[in-house]
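Trainee: Please see the structure below; I have some questions.
The values are calculated or read from the model by the stated rules, or taken from the named source; none is laboratory data. These figures come from a predicted structure and were not determined experimentally. Heads up, the Cβs are rebuilt from the backbone with ideal geometry, glycines too, and the neighbour counts pull from every protein chain shown. The area values use the complete protein model at the heavy-atom level, side chains included, leaving out ligands, DNA and RNA. Shrake-Rupley method; radii C 1.70, N 1.55, O 1.52, S 1.80 Å.
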Amino acid sequence: MRIGVITFPGSLDERDAQRAIRIAGAEPVALWHGEHDLHGVDALVLPGGFSYGDYLRAGAIASVSPIMAEVIDAANAGMPVLGICNGFQMLTEAHLLPGGLIRNDHGLFIRRDQALRVENTDTAWSRGFELNDEIVIPLKNGEGGFIASEDELDRLEGEGRVVFRYLGVNPNGSLRDIAGITNERGNVVGLMPHPEHAVEPGFGPDTSRAMRSGTDGLTLFTSAIQALQAV
Amino acid sequence: MPTIVVEVMPKAELLDPQGKAVAGALARLGKTEFSGVRIGKRFELTVDGEITDAVRADVEKIADEILSNSVIEDVVAITYPEAE
């Protein structure tokens with residue numbers, strides 16, 4: 001099982017994503033934004049960071065990178081695609097996911113261990129969770145406010161396409177506390193929090209058991225491997 | 001060389017945190033006559049050659065598809081240099 005991680009100019013978390021994929025049991029494949037080649041991978045991760053310095057709009061310039069033509073074709077053909085933070089912003093800019101991400105309503109960058117509720121366990125990236133599981137993974141962004149029209153929000157809710165929802169105080173003004181969504185088919189998922197930073201004991205969020213022991217993020221990656229094996 | 005100006009604003013119904021921060025700073029400076037500030041973007045596109053109908057069509061397309069994101073922003077003006 002080979003999962004590609006695309007590096008864009010200004011990506012920050014591609015190595016963590018590669019490591020998460022390896023720990024989950026798949027082979028990470030480093031991909032480059034300037035190529036028109038997915039190197040035959042089975043799934044894709046668009047990592048976090050600040051591609052092109054968030055110029056124009058977060059994720060906007062990266063969303064028209066050469067490799068995005070192949071990403072869009074692969075996503076439309078059913079390949080599992082995960083966008084994390086800046087990757088989520090790219091997926092909305094590329095119209096693979098609806099809505100948009102704007103500056104946090106309080107105007108500040110926020111970094112904290114974030115509690116989420118899993119509300120859809122049918123996607124390629126969440127099938128390993130139980131419905132309504134409460135998980136904790138790190139959140140770190142300046143432009144994480146999810147917005148969409150009321151009609152679009154109603155459609156997302158009605159079709160069960162909200163995958164992750166913020167618990168507790170809304171960290172960034174996201175409408176309806178939405179942290180992550182999926183496309184109609186369930187193969188493309190985007191979320192603002194960072195599952196790749198919660199995959200290894202000693203380096204994750206604190207839990208009631210021990211400091212930095214949280215590994216809830218790993219399930220996103222093992223879910224994709226399960227989804228690929230089920231095909 | 002002729003320059004085409006494209007202006008983009010965050011949608012009126014959306015919170016504009018940048019504008020809100022500036023409005024807060026103005027209030028702290030005692031400039032209480034201003035009740036709000038909104039911040040948008042101005043793009044100046046320099047054209048190599050004449051502005052033909054094809055160039056105008058292209059500008060309108062990139063204004064909608066690249067320079068703005070219709071989910072969060074509106075293109076409020078596209079201004080062409082006056083014909084000579």
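Trainee: Condition first: more than 10 Å from chain B (Cβ to nearest Cβ) and over 26 Å from A:ASP216 (Cα atoms). Can you find one or more residues in the stretch A:92-112 that meet it?
Mentor: yes
Trainee: Would you point out the residue of the stretch B:8-28, among those that are open to solvent by less than 50 Å² (accessible area, probe 1.4 Å), under 20 Å from A:SER174 (Cα atoms) and not small (Gly, Ala, Ser), that is nearest to the other protein chains (Cβ to nearest Cβ)?
Mentor: Only one residue tops the list, namely B:PRO17.
Trainee: Being more than 13 Å from chain A (Cβ to nearest Cβ) and touching a strand residue (DSSP E or B) at 6+ places or on another chain (Cβ under 6 Å) narrows it down to one of B:VAL5, B:VAL47, so name that one.
Mentor: Result of the check over B:VAL5, B:VAL47: B:VAL5.
Trainee: Also, quick follow-up: Looking at the structure I just gave you, is A:GLY87 closer than 27 Å to B:LEU67 by Cβ, more than 14 Å from chain B (Cβ to nearest Cβ), buried (at least 22 other Cβ atoms within 10 Å of the Cβ) and touching a strand residue (DSSP E or B) at 6+ places or on another chain (Cβ under 9 Å)?
Mentor: yes
Trainee: If I filter the stretch A:44-51 for residues that are touching a His at 6+ places or on another chain (Cβ under 8 Å), under 13 Å from A:GLY190 (Cα atoms), buried (at least 19 other Cβ atoms within 10 Å of the Cβ) and among the small types (Gly, Ala, Ser), do I get at least one hit?
Mentor: Within the stretch A:44-51 (the criterion being touching a His at 6+ places or on another chain (Cβ under 8 Å), under 13 Å from A:GLY190 (Cα atoms), buried (at least 19 other Cβ atoms within 10 Å of the Cβ) and among the small types (Gly, Ala, Ser)), the answer is yes, since at least one residue qualifies.
Trainee: With the requirement that a residue be part of a loop (DSSP other than H, G, I, E, B), within 19 Å of A:HIS194 (Cα to Cα) and touching a strand residue (DSSP E or B) at 6+ places or on another chain (Cβ under 8 Å), what does the stretch A:22-49 give you?
Mentor: Within the stretch A:22-49, A:ALA26, A:PRO47, A:GLY48 meet the criteria.
Trainee: Does A:ARG176 satisfy being at pLDDT 95 or above and either within 30 Å of A:TYR55 (Cα to Cα) or of a type in the set (Phe, Trp, Tyr) (or both)?
Mentor: Criteria met by A:ARG176.
Trainee: Answer yes or no: is there a residue in the stretch A:125-142 that is touching a strand residue (DSSP E or B) at 6+ places or on another chain (Cβ under 8 Å), within 14 Å of chain B (Cβ to nearest Cβ) and at positive phi.
Mentor: So far as the stretch A:125-142 goes, no, none of its residues is touching a strand residue (DSSP E or B) at 6+ places or on another chain (Cβ under 8 Å), within 14 Å of chain B (Cβ to nearest Cβ) and at positive phi.
Trainee: If I filter the stretch A:57-77 for residues that are open to solvent by 10 Å² or more (accessible area, probe 1.4 Å) and in contact with a Pro (Cβ under 6 Å, 6 or more places away or on another chain), do I get at least one hit?
Mentor: no
Trainee: Could you tell me how many of the residues in the stretch A:6-29 are open to solvent by less than 60 Å² (accessible area, probe 1.4 Å) and without any contact (Cβ under 8 Å) to a residue 24 or more places away in the chain?
Mentor: So the count comes out to 1.
Trainee: Sticking with this structure for a sec: Go through B:GLY19, B:GLY24 for me and flag whichever is in a helix (DSSP H, G or I) and under 20 Å from A:ARG57 (Cα atoms).
Mentor: Criteria check complete, one pass: B:GLY19.
Trainee: Scan the stretch B:29-47 residue by residue and report those that are assigned to a loop (DSSP other than H, G, I, E, B) and either surrounded by 10 or more Cβ atoms within 10 Å (Cβ to Cβ) or hydrophobic (A, V, I, L, M, F, W, C) (or both).
Mentor: B:LEU29, B:LYS31, B:PHE34, B:GLY36, B:VAL37, B:ARG38, B:ILE39, B:GLY40, B:VAL47
Trainee: To continue, here is another question. Only one of (1) on the phi > 0 side of the Ramachandran plot; (2) out of contact with any strand residue (DSSP E or B) (no Cβ under 7 Å at 6 or more places or on another chain) is not met by A:GLY99, so which one is it?
Mentor: (2)
Trainee: Let me ask something additional. Check whether at least one residue in the stretch B:52-67 is more than 13 Å from chain A (Cβ to nearest Cβ), more than 20 Å from A:ARG103 (Cα to Cα), assigned to a loop (DSSP other than H, G, I, E, B) and without any contact (Cβ under 8 Å) to a residue 12 or more places away in the chain, and report yes or no.
Mentor: Yes, there is a match, as at least one residue in the stretch B:52-67 is more than 13 Å from chain A (Cβ to nearest Cβ), more than 20 Å from A:ARG103 (Cα to Cα), assigned to a loop (DSSP other than H, G, I, E, B) and without any contact (Cβ under 8 Å) to a residue 12 or more places away in the chain.
Trainee: Answer with yes or no whether A:VAL188 is modelled with pLDDT of 95 or more and open to solvent by 10 Å² or more (accessible area, probe 1.4 Å).
Mentor: No; evaluated as a whole, the condition is false for this residue.
Trainee: Return the only residue of A:ALA115, A:ALA77 being under 22 Å from A:ARG2 (Cα atoms), more than 14 Å from chain B (Cβ to nearest Cβ) and of a type in the set (A, V, I, L, M).
Mentor: A:ALA77
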